[in-house]
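Encoded as structure tokens, the structure appears first; notes follow it.
The values are calculated or read from the model by the stated rules, or taken from the named source; none is laboratory data. Please read these numbers as outputs of a predicted model, since none were measured by experiment. Ideal geometry is used to build each Cβ from the backbone, glycine not excepted, and the neighbour counts take in all protein chains shown. The protein model used for the area step is the full one, side chains on, heavy atoms only, and it has no ligands, DNA or RNA in it. Shrake-Rupley method; radii C 1.70, N 1.55, O 1.52, S 1.80 Å.
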Protein chains: 2
Amino acid sequence: MKRMLAAACLIPLCASAAGPVYTADGKLVPPADYRQWIFLTSSLDMSYSLMGNVGMHMFDNVFVEPSAWASFQQTGTWPEQVVLVKEMRGVGGKSSINRHGSFQTSERMGIELHVKDGGNWSFYDSASGEPASRIPDAAACYSCHHDHGAVDNTFVQFYPTLLEIAEKKHTLSPGYLKEGGG
Amino acid sequence: MKRMLAAACLIPLCASAAGPVYTADGKLVPPADYRQWIFLTSSLDMSYSLMGNVGMHMFDNVFVEPSAWASFQQTGTWPEQVVLVKEMRGVGGKSSINRHGSFQTSERMGIELHVKDGGNWSFYDSASGEPASRIPDAAACYSCHHDHGAVDNTFVQFYPTLLEIAEKKHTLSPGYLKEGGG
């Protein structure tokens with residue numbers, strides 16, 4: 001029954017295929033296998049607005065493509081062509097033997113994607129997994145991520161295992177540090 | 001910028017090293033790399049007790065070793081030597097630019113492990129990642145998981161992407177189906 005621990009075994013076999021995939025007309029194709037990517041965090045009903053998401057309940061799960069995750073471990077920041085996926089899930093309460101708290105249901109309420117390609121970040125919103133057009137630069141997500149993201153336009157302050165790496169590698173953004181770093 | 005989608009790329013390179021690892025005196029060594037495993041679900045303050053976890057707030061994240069996850073995709077149930085890890089995380093609220101809801105913090109409050117080895121399931125509890133002794137069979141976790149787990153002693157009813165596979169493969173447990181399947 002005894003086995004040796006095998007470290008660093010999960011570098012994907014097809015790392016050369018990582019990175020965003022586009023349709024002929026420039027839409028982003030959401031990755032089919034993101035649930036096999038590296039999990040970064042989950043949150044419940046988070047909102048950056050004082051109003052909150054009135055009447056809405058959902059979990060967010062964030063995943064990143066494995067070779068980009070491996071790069072972050074080395075550098076404390078994201079490589080070119082990183083893809084992050086935020087999946088929204090329904091919230092269950094009293095069901096089966098659960099009596100308290102909140103769990104995730106089979107209802108996927110959409111996915112959002114954040115891609116760095118050609119040095120620029122882009123957001124995409126795909127309600128049901130269909131190829132998505134780039135959200136225009138005027139959208140608030142761009143300025144908010146630029147001004148408040150802990151590392152290069154991303155909310156690493158909410159990704160527990162990455163935040164400490166960024167601190168060690170001194171890759172925290174000036175805007176984040178100016179706000180007191182948390 | 002166009003790339004082909006590469007399916008099924010994440011089978012780990014070191015699949016032969018999967019499975020539980022024990023110390024010479026029979027304690028289970030918690031895997032160091034479980035955050036690179038397959039994410040199954042996250043929940044907030046779940047409790048099977050009518051009392052709840054009074055005064056405690058935490059997220060649970062559940063991960064499974066990748067080759068066991070791949071096996072579940074094919075069979076709808078767990079292979080011998082599967083290892084599942086439940087990680088408990090602290091809960092943050094108003095911090096950085098967040099105004100509502102709950103996010104996961106850097107505080108890891110412990111991990112629990114569930115292992116099938118030699119045909120039997122075992123639970124382990126490791127507060128800070130140290131090797132852990134097997135929890136005795138008299139503990140309530142064993143009878144509860146046996147009686148209410150949707151698939152072979154595990155709470156697949158709370159793992160959204162696995163539940164639909166178990167339904168298709170007809171691997172839901174008699175106890176779960178008798179309770180109405182949810």
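Descriptive notes on the structure:
- Over segment B:101-182, equivalent-ellipsoid semi-axes from the Cα gyration tensor in Å: 25, 19, 11
- Within 10 Å of the Cβ of each residue in A:30-36, the mean number of Cβ atoms contributed by other protein chains is 4.
- Mean shadow area of segment A:31-153, taken as a quarter of the surface of its Cα convex hull (nm²): 9.2 nm²
- Shielding of B:130-139 by partner chains, average beta-carbon count, 10 Å: 0
- Euclidean distance between Cα centres, segment B:68-114 to segment A:56-134, Å: 15 Å
- The same position B:A24 in the other copies lies at 6.6 nm from this copy, comparing label points 7 Å beyond Cα toward the beta-carbon, shortest first.
- Note on exposure: A:V85, A:V29 ranked by accessible area (1.4 Å probe, complete protein assembly) read A:V29, A:V85, with the most exposed listed first.
- Zone residues, segment A:129-165, relative to A:K178, backbone N less than 15 Å from point 7 Å out along Cα-to-Cβ: A:143-153
- Taking B:M56, A:M58, A:M109 and ordering them by how much accessible surface each has at a 1.4 Å probe, largest first, produces B:M56, A:M109, A:M58.
- Distance violations [Cα-Cα > 20 Å] among B:K116/B:K168; A:K178/B:K94; A:K116/A:K168: B:K116/B:K168; A:K116/A:K168
- Spacing of the modelled spin labels on B:C141 and A:D147, each 7 Å from Cα toward Cβ, amounts to 4.6 nm.
- Each other copy holds its own label point for A:I135; taking that point as 7 Å from Cα along Cα to Cβ, the gaps run 4.0 nm, nearest first.
- Area accessible to solvent at A:K116, 1.4 Å probe radius, in Å²: 30 Å²
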